[in-house]
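Comments concern the structure below.
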Amino acid sequence: MRLFGIKSVKTLVNTHMEYNEIKQRLVKCPDLPGLEDASQAYLLWRGEEQLLEAGEVVYAEGTKLDNTFCLLLSGMMLVEKGGTKIGEISEGHIFGEMAYFSPLHERTATVRVGSPESSVLKIQLTLDELRSANFSLLKRYLGLQAWDRFVRTSQSCS
């Protein structure tokens with residue numbers, strides 16, 4: 001089954017995380033400090049937990065924004081630009097947010113699973129939702145995160 005550009009998605013039946021555990025990981029995410037309860041609840045409601053295998057591509061460089069970003073619940077992701085590894089994403093961090101802020105709303109890098117398996121919370125959020133007053137704080141946090149990643153990526157490529 002193809003969903004959100006992922007080669008295969010498995011529904012976690014016996015290995016899924018408990019709701020409270022996922023909520024705690026979102027609350028403790030260093031990329032989203034101080035996110036208000038209403039925004040956290042909305043993101044959890046709009047999220048889908050997915051189990052991915054080694055090598056699976058979550059986002060491919062140059063593809064259009066599909067109105068999603070992810071919180072890495074377990075495992076590790078590799079970040080590639082032009083087929084060259086430029087970084088890694090560790091548990092507890094978000095990724096995929098940069099496409100919301102790029103001029104063409106495209107993925108700026110490929111993100112693939114770099115561990116035997118990974119679990120992500122894939123969150124569906126449209127550009128209009130992100131622009132709404134209800135998500136002004138989330139937009140600010142995601143924008144700062146995207147800018148920080150852009151700067152780090154630019155420095156590593158120079």
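Here, each number is a calculation from the coordinates, and none is a lab measurement. Everything numeric here is computed off the predicted structure, so don't read it as measured data. Glycine also receives a Cβ, built like all others from the backbone with ideal geometry; neighbour counts cover every protein chain displayed.
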Legend entry - Summed residue charge, Cβ within 11 Å of LYS81's Cβ, Lys/Arg positive, Asp/Glu negative: 0
Inset, instruction - Based on other C-beta atoms within 10 Å, arrange THR63, THR84, THR108 from fewest to most. - result: THR84, THR63, THR108
Legend entry - P(r) tail fraction, the stretch 19-151 - alpha-carbon pairs more than 17 Å apart, %: 55 percent
Inset, instruction - Would you mind ranking GLU56, GLU97, GLU61 so that the residue whose beta carbon has the fewest other beta carbons within 10 Å leads the list? - result: GLU61, GLU56, GLU97
Legend entry - Karplus-derived HN-Hα couplings along the stretch 59-68 (A = 6.51, B = -1.76, C = 1.60, θ = phi - 60°), whole Hz, x at Gly and Pro: 9, 9, 3, x, 7, 5, 4, 9, 6, 9
Legend entry - Measure of compaction for the stretch 34-92 (Cα Rg per 2.2 N^0.38 Å): 1.31
Inset, instruction - Give the Debye-formula value of log10 I(q)/I(0) at each listed q (0.14, 0.22, 0.23, 0.25 Å⁻¹), with one equal scatterer per alpha carbon of the stretch 46-124, two decimals each. - result: -0.39, -0.98, -1.06, -1.24
